[in-house]
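A short reminder: the numbers here are calculations on the coordinates, not readings from a lab. For clarity, every value in this text was computed on a predicted model and none was experimentally measured. Note that each Cβ is placed from the backbone with ideal geometry, even for glycine, and that neighbours are counted across all protein chains shown.
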There are 2 protein chains.
Amino acid sequence: MSIAAPEYAFATPFQTPPSAPIRSLMPYAMRPGTVSLAGGYPAQELFDIEGLTTASNQVLGRLGACLQYSNIDGQASLRHELARLSAARGLICDPDTELVVTGGSQQGMALLARVMLQPGDTAIIESPAFPNSVNALRYTGATVHTVPSGPDGIDVDALDELAARVKPKMVCVVASFSNPCGATISRARRLRLLELAIKHRFLIVEDDPYGELRFAGETVPPIAALAEGEARHWAVYISSMSKTMAPALRIGWLVAPPEVRRRCVGAKSADDMANSAWVQEVVAQYLANDRYAVHVPRIRAAYGARCDAMAQALERELAGRVIFKKPEGGMFFWARLSGEIDATRLLPYAIEHEVVYVPGKAFYPDPEQADLHAMRMSFATMDEERIALGIVRLGRALDACAANAPVSISLAA
Amino acid sequence: MSIAAPEYAFATPFQTPPSAPIRSLMPYAMRPGTVSLAGGYPAQELFDIEGLTTASNQVLGRLGACLQYSNIDGQASLRHELARLSAARGLICDPDTELVVTGGSQQGMALLARVMLQPGDTAIIESPAFPNSVNALRYTGATVHTVPSGPDGIDVDALDELAARVKPKMVCVVASFSNPCGATISRARRLRLLELAIKHRFLIVEDDPYGELRFAGETVPPIAALAEGEARHWAVYISSMSKTMAPALRIGWLVAPPEVRRRCVGAKSADDMANSAWVQEVVAQYLANDRYAVHVPRIRAAYGARCDAMAQALERELAGRVIFKKPEGGMFFWARLSGEIDATRLLPYAIEHEVVYVPGKAFYPDPEQADLHAMRMSFATMDEERIALGIVRLGRALDACAANAPVSISLAA
């Protein structure tokens with residue numbers, strides 16, 4: 001006979017087992033025939049398998065040299081390449097004192113959170129935001145406050161006011177084509193964020209997984225690239241290869257002032273000791289082969305066409321019923337249902353009509369603040385025809401929902 | 001003109017920048033001609049490059065299928081193989097509810113520490129111990145207490161007494177061929193640890209990177225494998241591929257009761273989202289190819305011969321001057337200088353005589369408790385002749401030190 005598990009005394013942030021509202025939609029999204037606009041995944045058919053295979057084979061030829069324990073902060077070859085890539089984005093940094101290779105951008109966020117935050121501290125994140133980023137902050141035991149964000153990014157005046165009140169140690173934004181909003185913060189607002197960082201003495205942390213996926217409008221440099229003088233001490237940049245090369249590499253990087261970077265390396269030594277030197281060498285080789293510069297424009301072009309298709313379908317099928325601002329890059333539409341129907345009520349109808357999206361509610365750190373009419377729709381993983389089909393189905397689901405038709409799907413709240 | 005960096009308000013555990021006393025020896029250890037007994041690295045020439053290349057090529061053939069985002073808890077294929085491997089060690093577990101793939105055993109320790117500990121909590125670790133394990137506990141802000149360990153492992157009576165007093169949430173040991181002690185905890189003591197875990201309601205966490213590297217004596221099952229009834233709820237097992245396959249894979253695993261495991265998966269989602277699915281598939285393929293079972297005995301045989309060579313050289317060259325208990329597996333000798341000379345005083349002489357070891361002091365969480373005469377010497381990375389040469393040189397260094405000969409090397413304290 002098995003003995004019941006005891007009540008474990010977990011640390012406060014882990015007392016409630018984690019819920020994953022987005023992952024819980026996946027079984028529906030994976031149904032054959034269903035059009036999934038719900039994923040946060042990049043397009044699999046665009047992965048540069050040939051280029052990765054070439055780089056991998058080059059590294060296999062010297063495999064013995066990259067199987068041992070290695071530098072916590074990353075392979076010198078990869079740090080060099082990532083500093084070069086950052087410089088191409090406008091951010092000049094020293095690969096030895098300012099850059100760390102991380103396990104995706106997620107680990108960059110987690111390391112920073114840990115070296116800065118403890119219970120009693122505060123951090124600020126824009127709302128809505130990517131839930132794993134919010135969790136990286138919350139799991140330190142710190143209090144996380146939110147500032148509203150929208151199609152133009154974080155509300156800088158609200159941030160100024162809140163920061164004066166709660167004294168955050170770090171403020172986190174996705175400045176380009178954010179998840180979920182698709183929002184981009186203007187150059188003027190980025191400069192304002194740097195001013196506020198100096199004024200309130202917080203680290204302004206830009207997570208930039210999507211910045212290179214711009215298919216419209218003008219490039220805006222990363223926030224840290226705009227930092228001059230004192231602002232340089234407060235600007236942190238995080239990026240990732242997940243959306244441009246492949247998520248499964250789990251390679252990201254962090255650019256931070258040396259004193260901050262040094263602690264992040266210390267934290268990483270106790271977290272996982274290093275990323276796989278093997279994979280790092282594959283990524284460095286891929287970059288050194290100059291495949292990246294050839295490959296990223298392909299993704300950009302495909303996503304641009306898919307974004308157009310989604311915008312056109314929404315205008316054609318759902319004009320007036322769904323409101324949105326077309327993003328200039330990235331993977332996501334943030335759209336609002338304009339009538340009385342909210343995104344959670346619509347969802348079972350959508351699933352029944354073989355289309356899935358994520359209700360915007362899932363992205364609000366504080367559910368009380370959630371815009372219940374919002375929904376996140378990804379255009380990244382399907383061709384134009386399928387996107388259009390998804391939107392047609394969404395229209396039918398809206399009709400059925402408006403008519404209070406019976407629905408067989410029942411979802412947890 | 002550059003502006004001086006501000007005083008950042010780091011979280012308490014990161015206020016002092018990390019020091020790395022072992023890493024600081026590496027420049028000396030790397031000098032051409034020097035015999036390094038200082039490393040904690042496995043033998044590079046024993047890596048199964050052929051087997052890894054074969055597995056890697058098999059995975060390259062289906063690369064497209066393992067580049068996407070993947071399960072936080074690990075690839076199903078690898079979890080299955082690791083459950084099989086754990087079972088071969090005597091530990092039966094469910095790959096879906098009890099096992100998580102981690103970034104080396106280090107991440108297993110870090111995840112557990114985070115889900116259990118926060119400031120105000122306590123944990124216990126044996127002393128001496130691997131510094132990164134101590135840091136994983138300390139970086140949560142919890143207080144870390146120590147229980148003396150020696151050639152027979154942790155002092156269980158001292159643990160019983162301390163646990164009653166400080167109420168730890170977790171107690172961490174390396175039960176087989178520990179780093180740095182080379183110690184193995186007997187079956188009787190392992191059972192006692194399980195009793196104490198139930199009595200004091202702590203998780204008994206066994207980090208087992210070396211267990212399969214037994215070259216003498218009788219196998220003792222992992223602590224969690226001995227757990228029955230209520231004890232099953234308190235036993236956690238962590239292991240790693242770093243010492244048997246290669247460190248740069250950064251693949252380890254954690255076996256924990258389902259409620260604990262679930263939180264660890266939640267913590268991992270905010271830490272790095274997953275290990276590289278690509279690398280996981282390579283490791284799973286390697287295991288499925290049955291290379292592991294063929295390869296590990298090779299390491300065991302080589303390390304056994306090297307261990308013998310070190311024991312013989314110590315007896316031949318330094319009888320009475322250095323006291324040790326020969327380990328039955330793993331990579332490390334823990335030896336004591338028997339005279340007045342301590343290991344820190346000897347070190348510059350050793351370096352001058354082209355041999356390096358790590359003073360035992362580096363492994364004490366509380367430097368006040370350090371045995372200043374202890375030293376850790378690895379026999380893993382050199383052939384028998386070179387090990388003997390290193391010990392001869394150590395003897396000469398001891399002579400020079402005893403004679404108070406002038407020495408040109410000066411080391412930070």
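Tell me, what does the Kirkwood hydrodynamic radius of the range B:129-258 come to in angstroms if you use every pair of distinct C-alpha atoms? Provide the component values of the computation, followed by the final result.
Values: mean 1/r = 0.0664 Å⁻¹.
Result for the range B:129-258 stands at 15.1 Å.
Can you give the relative contact order of the range B:49-289 as a percent, counting alpha carbon pairs under 8 Å and 6+ residues apart?
29
Could you grab the relative contact order for chain A? Cα pairs under 8 Å, six or more apart, rounded to a whole percent.
Over chain A, the number comes to 22 percent.
Please arrange A:Lys167, A:Lys361, B:Lys268 by counting, for each residue, the other beta carbons lying within 10 Å of its beta carbon, fewest first.
Taking fewest neighbouring Cβ atoms as first place, the list is A:Lys167, A:Lys361, B:Lys268.
In 10 Å bins starting at zero, report the fraction of Cα pairs in chain B per bin as a rounded %.
Per 10 Å bin, starting at zero, the Cα-Cα P(r) for chain B comes out as 5, 22, 30, 26, 14, 3, 0 percent.
Which whole number gives the average, over all residues in A:201-211, of C-beta atoms from other chains lying within 10 Å of the residue C-beta?
What the average comes to for A:201-211 is 1.
Taking the Cα centre of each part, how many Å lie between the range A:70-125 and the range B:53-113?
Comparing the Cα centres of the range A:70-125 and the range B:53-113, I get a distance of 26 Å.
Run the simple label-point estimate for B:Glu230 and A:Gln312 please: 7 Å along Cα→C-beta, distance reported in nm.
Those two pseudo-labels are separated by 6.9 nm.
I'd like the mean, over residues of B:93-103, of how many other protein chain beta carbons sit within 10 Å of each residue's own Cβ.
Working: counts 0, 0, 0, 0, 0, 0, 0, 0, 0, 1, 10.
Taking all residues of B:93-103 together, the mean is 1.
For chain B, take the longest principal axis of its alpha carbons; what is the angle in degrees between that and the long axis of helix B:291-318, to the nearest 10 within 0 to 90?
Around 20 degrees separate the two axes.
Would you mind listing how long the range A:274-408 runs along its three principal axes, going by Cα atoms, in whole Å with the largest first?
Ordered largest first, the range A:274-408 gives principal extents of 58, 33, 27 Å.
State the Cα centre-to-centre distance between the range B:353-413 and the range A:350-399 in whole Å.
Here the answer is 65 Å between Cα centres.
In terms of modelled amide H atoms, which long-range or inter-chain residues lie less than 5 Å from the amide H of B:Val322?
It is B:Ser338, by chain and number.
Please arrange A:Asp160, B:Asp271, A:Asp121 by how many other C-beta atoms lie within 10 Å of their C-beta, fewest to most.
Taking fewest neighbouring Cβ atoms as first place, the list is A:Asp160, A:Asp121, B:Asp271.
From the label point of B:Gly229, set 7 Å from Cα along Cα→Cβ, how far away are the matching label points in the other copies, in nm, ordered shortest to longest?
7.2
Across the protein assembly as shown, how large is the tail of the calculated P(r) beyond 42 Å, expressed as a percent of all Cα pairs?
33
Return A:His80, B:His353 ranked ascending by Cβ neighbour count within 10 Å, so the fewest neighbours appear first.
Ordered from fewest to most neighbouring Cβ atoms within 10 Å, A:His80, B:His353 come out as A:His80, B:His353.
Could you please state, rounded to a whole Å, how far the C-alpha centre of the range A:127-142 is from the C-alpha centre of the range B:206-238?
So the two Cα centres are separated by 35 Å.
Starting from a label point 7 Å past Cα on the Cβ side, list the distances from A:Asp94 to the same position in the other copies, nm, shortest first.
5.3
Taking the Cα atoms of the range B:49-289 alone, what are Rg (to one decimal) and Dmax (as a whole number) in Å?
For the range B:49-289, the Cα radius of gyration and maximum Cα-Cα distance read 17.4, 57 Å.
Put a point 7 Å out from Cα along the line to Cβ at B:Asp366; what are the distances to that point in the other copies, in nm, shortest first?
Label point to label point, same position, other copies: 4.4 nm.
Using R₀ = 30 Å, calculate the FRET efficiency as 1/(1 + (r/R₀)^6) where r is the Cβ-Cβ separation of A:Asp399 and A:Val296; round to 0.05.
Details: r = 40 Å, r/R0 = 1.33.
With R0 = 30 Å, the Cβ-Cβ based efficiency is 0.15.
Can you compute the charge dipole magnitude of the range B:49-289 about its Cα centre, using +1 on each Lys and Arg Cβ and -1 on each Asp and Glu Cβ, nothing else charged? Give it in debye, rounded to the nearest 20. Intermediate results must be reported in sequence, preceding the final value.
Values: 23 positive and 25 negative charges, 61 e Å.
That gives the range B:49-289 a dipole magnitude of about 300 debye.
Would you tell me the mean number of C-beta atoms belonging to other protein chains that fall within 10 Å of each C-beta in A:105-111, as a whole number? List each step's numbers first, then the result.
Values: counts 2, 7, 5, 1, 2, 7, 2.
Taking the mean over all residues of the peptide, I get 4.
For chain A, find the longest principal axis of its Cα atoms and tell me its angle to the long axis of helix A:343-352, 0 to 90°, nearest 10.
Taking the Cα atoms of chain A, the angle to A:343-352 is about 70 degrees.
From the Cα trace of the range B:193-323, what convex hull volume per residue do you get, rounded to a whole Å³?
Here the figure is 173 Å³ per residue.
With +1 assigned to the C-beta of every Lys and Arg and -1 to the C-beta of every Asp and Glu, and no other charges, what is the dipole magnitude of chain A about the Cα centre in debye, to the nearest 20? Write down the numbers at each step before the final one.
Values: 40 positive and 44 negative charges, 43 e Å.
With only Lys, Arg, Asp and Glu charged at Cβ, the dipole is about 200 debye.
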